[in-house]
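Novice: For reference, the structure I am asking about is given below.
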Amino acid sequence: MMSRFLIVTAFRAFAFCLVALGPAQASTGIALIIANETYDNLRGARGAAAVLRTVERLEAAGFRVDLATDVSAGAMQAALSQLSRSLTEQPHERVVIVFAGHVLNASHGTWLMGTNASQPNVASVEGEGVRLATVLAIASQRQGGAVVAVADFGFPLSGGAGFSPGLPAENAVPQGVTLVRGGAPGITDFLRSLATPGVTIGSLAGRRSDIQIEGFNPPYLTFLPVGHEPVRDADRTAWGVALDADTVASYQAYLAEWPNGEYADQAQAALTRLLNTPERIETALGLSRDERRSIQRDLTILGYNPRGIDGIFGAGTRGAIGAWQGANNLTQTGYLNRDQVFSLAQQGAQRAAQLEAEARARQQAEERRDRAFWRDTGSGQDEVGLRAYLREFPDGIFSSVAQDRLDQIEADRRAAAQARDRAAWDIAVRADTVGSYNDYLGAFPNGAFADQARDRIAQLRGPAEPQIDEGRARATEDALQLPQFTRVIIEQRLESMGFEPGPADGQFDRQTRRAIRRYQRASELEVTGFLTQPIVARLLTEGVLDLFR
């Protein structure tokens, strides 16, 4: 007797393979499961394959399970013939025969239809299906231990020549044979429970309204005895498979199969362990893109560089989170839980408020010094005072006024200067060297531009002002790719802080650059007039804080 066998038949050039699954278990029983979901000429019996989910439970209970899917009537007959021989030759105590697919009945019989079925008539039906009576007769070879289960999908075509779809209301069931009928979900649940030791057939049928029992149904006789051991062995085997895989899916599969198994508690504990990994905990928070940007801004404010405020948690953000966790005596996982998100937001808000307070204090001190210097240099009443003020406060409160007055003085001076004087001065300005201005003074010691020349000589001979790499600063700002609405918010923020950036239109003109430089000075940052990522983070965070005051 082969435990694995192949049946090939040539009905309408259709090949079929029938394979016995799993090793033979000692004398518990034998099961044949036929699931016909796909038909050659009919609408399929969708859902018929659900009965295949019972294979593992039956095998675990010690049944040898033979499986056939999408088979013709001829192949079904061959499989049933093989089963009948098995029951004759070997001492199987129990037999379970399962069919899921289209069913047709008439006054002279009921047929379980093969996949070659079309629109049978009295002459052709025997070649397109197998009689239910034949199946019941084979099962009767094990009276008292035989179950025939039919997942009835009816018949998709209207009955002709006296045929009706599905099983009839009553069936002639041989003595000692139990016929269970219903939909695929009910039949599947019934068979899975049938493989549990100590369960009676009647109690299983009473649990569901979508299955019916005909024939043998003793109220107290269990299908498998209470101490049936293959279940415990199967439980242990299933646990070993789950343990070897050590995945969420493997433990969930074990618990689905063995919810009350010997290792159910261990499986639940392992499942909890895997589900509570830092990565899963953060994923469960369902952080939005904006919430992730807020986290990156908080990290930036606190001095942990996430390498971008884009709402994408890459290696830079994970490293920044880990560094923040380490600084706060937390396990450095690089992933956040809910409490850590709240703590990070609180720290970021506190640090932003601190930075804003410090910046305001510096700004106020700078403004006081600015106003005092303006007053002490004559409040813009003479050219010397104006130039001294602009040297000290190029972007000061009165810088626009001072520059306008100097421009007017220059214009008035030019209008009054003689053509030769003016030409010599233009030459000196173009060269802009100590020598060129000395040459001018040599030619025009009392010229219209003499005081201006001396002032410029003093500047050139004084300490050199730090040179700003404007190209690099501009490139750094361009790399931020700030959208229009963000640029407008920044201008509004600068205006609210008193830095006078001009119209809030998202266009960073000369007035905006001056406001940025003033902000950088007040915040003790490098003065470039261009934005960096930390500055943007501070400005946006400070603006959000204002909403809650």
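Readers should treat all values here as calculations from the given coordinates under stated rules, not as data from a laboratory. Nothing here was measured: the structure is a model prediction, and the numbers come from that model. Counting neighbours? That spans all protein chains shown, and the Cβs are built from the backbone with ideal geometry, glycine included.
Novice: With no solvent and one point on each alpha carbon, what is the Debye value of log10 I(q)/I(0) for region 239-327 at q = 0.14, 0.21, 0.23 Å⁻¹?
Specialist: Ignoring solvent entirely, the Cα scatterers give -0.63, -0.88, -1.00.
Novice: Would you please report the Å³ per residue occupied by the convex hull of the alpha carbon atoms in region 467-506?
Specialist: Per residue, the Cα convex hull of region 467-506 comes to 82 Å³.
Novice: Whose amide H sits under 5 Å from the amide H of PHE155, counting only residues 5 or more places off or on another chain, with H placed in the peptide plane?
Specialist: VAL103, GLY166
Novice: Return the sequence-ordered ³J(HN,Hα) values of region 71-79 in whole Hz as given by the Karplus equation 6.51 cos²θ - 1.76 cosθ + 1.60 applied to θ = phi - 60°, using x for Gly and Pro.
Specialist: Values per residue, Gly and Pro as x: 10, 7, 4, x, 5, 4, 4, 5, 5 Hz.
Novice: Tell me what the chain gives for mean residue ellipticity at 222 nm when only DSSP H runs of n ≥ 4 count, each as -39,500 (n - 2.57), the sum divided by the residue total, rounded to 500 deg cm²/dmol.
Specialist: -16000 deg cm²/dmol
Novice: When you count, for each residue, the other Cβ atoms within 10 Å and take the mean per peptide, how do 472-484, 446-458 rank with the highest first?
Specialist: 446-458, 472-484
Novice: Over region 377-461, what is the relative contact order in whole percent, taking alpha-carbon pairs under 8 Å and six or more residues apart?
Specialist: 20 percent
Novice: Still on this structure, please answer the following. With the contact rule set at Cα under 8 Å and sequence spacing of 6 or more, what percent relative contact order holds for the chain?
Specialist: On the way: 847 pairs, mean separation 42.3, N = 549.
Over the chain, the number comes to 8 percent.
Novice: OK, next. What's the long-distance tail for region 316-462, i.e. % of Cα pairs beyond 22 Å?
Specialist: Within region 316-462, distances greater than 22 Å cover 61 percent of Cα pairs.
Novice: Further question: How big is the convex hull of the Cα atoms of region 49-90, per residue, in Å³?
Specialist: 60 Å³
Novice: Let me ask something additional. In the P(r) worked out for the chain, what percent of Cα pairs fall beyond 34 Å?
Specialist: Counting every Cα pair in the chain, those more than 34 Å apart make up 64 percent.
Novice: Would you work out the Kirkwood radius for region 196-262? I mean one over the mean of 1/r across all pairs of different Cα atoms, in Å.
Specialist: 14.0 Å
Novice: Pairs of Cα atoms under 8 Å, at least six residues apart: use those to get the relative contact order of region 231-275, whole percent.
Specialist: After rounding, I find 40 percent.
Novice: Tabulate in residue order the Karplus-calculated ³J(HN,Hα) for region 31-39, using 6.51 cos²θ - 1.76 cosθ + 1.60 with θ = phi - 60°, rounded to whole Hz; enter x for Gly and Pro.
Specialist: 9, 10, 10, 10, 10, 9, 9, 10, 10
Novice: Can you tell me the alpha carbon radius of gyration of region 338-394 divided by the globular rule-of-thumb value 2.2 N^0.38 Å?
Specialist: 1.92
Novice: Starting from the Kirkwood radius over alpha-carbon pairs of region 167-304, derive D by Stokes-Einstein at 37 °C in a medium of 0.692 mPa s and give it in µm² s⁻¹.
Specialist: It comes out at roughly 170 µm²/s.
Novice: Restricting the calculation to Cα positions, tell me the Rg (one decimal) and the Dmax (whole number) of region 244-392 in Å.
Specialist: For region 244-392, the Cα radius of gyration and maximum Cα-Cα distance read 27.4, 97 Å.
Novice: Quick one, can you get me the convex hull of the C-alpha atoms of region 231-275 expressed as volume per residue in Å³?
Specialist: Cα-based convex hull of region 231-275, divided per residue, equals 52 Å³.
Novice: Using the Cα gyration tensor of region 470-546, with a ≥ b ≥ c the square roots of its eigenvalues, what is the shape: rounded (a/c below 1.5), prolate (a/b larger than b/c) or oblate (neither)?
Specialist: In terms of gyration-tensor shape, rounded.
Novice: Ranked highest first by the average count of other Cβ atoms within 10 Å around their residues, in what order do 338-345, 141-148 fall?
Specialist: The packing order, highest mean first, is 141-148, 338-345.
Novice: Just how large is the dipole of region 340-396 about the Cα centre, in debye to the nearest 20, putting +1 at every Lys and Arg Cβ and -1 at every Asp and Glu Cβ?
Specialist: Here the size comes out at about 200 debye.
Novice: Mind putting a number on the dipole of the chain about its Cα centre? Charges go on the C-beta only, +1 for Lys and Arg and -1 for Asp and Glu, and I need it in Debye to the nearest 20.
Specialist: Numbers: 56 positive and 64 negative charges, 16 e Å.
Result for the chain is approximately 80 debye, rounded to the nearest 20.
Novice: Taking 0.36 nm per residue of separation and subtracting the Cα-Cα distance, what length does fully extending ASP505 through ARG338 add?
Specialist: 56.3 nm
Novice: Per the Kirkwood definition applied to all pairs of different Cα atoms, how many angstroms is the hydrodynamic radius of region 377-461?
Specialist: Taking the inverse mean of 1/r over all distinct Cα pairs, region 377-461 comes out at 13.4 Å.
Novice: Mean 1/r over all different Cα pairs, inverted: what Kirkwood radius does region 41-173 give, in Å?
Specialist: The Cα-based Kirkwood calculation yields 15.4 Å.
Novice: Is the shape of region 288-362 best called rounded, prolate or oblate, per the rule: a/c under 1.5 gives rounded, else a/b larger than b/c gives prolate, else oblate, with a ≥ b ≥ c the square roots of the Cα gyration tensor eigenvalues? It would help to have the intermediate numbers written out before the result.
Specialist: Details: a/c = 1.87, a/b = 1.50, b/c = 1.24.
Prolate is the answer for region 288-362, as a/c is 1.5 or above and a/b outweighs b/c.
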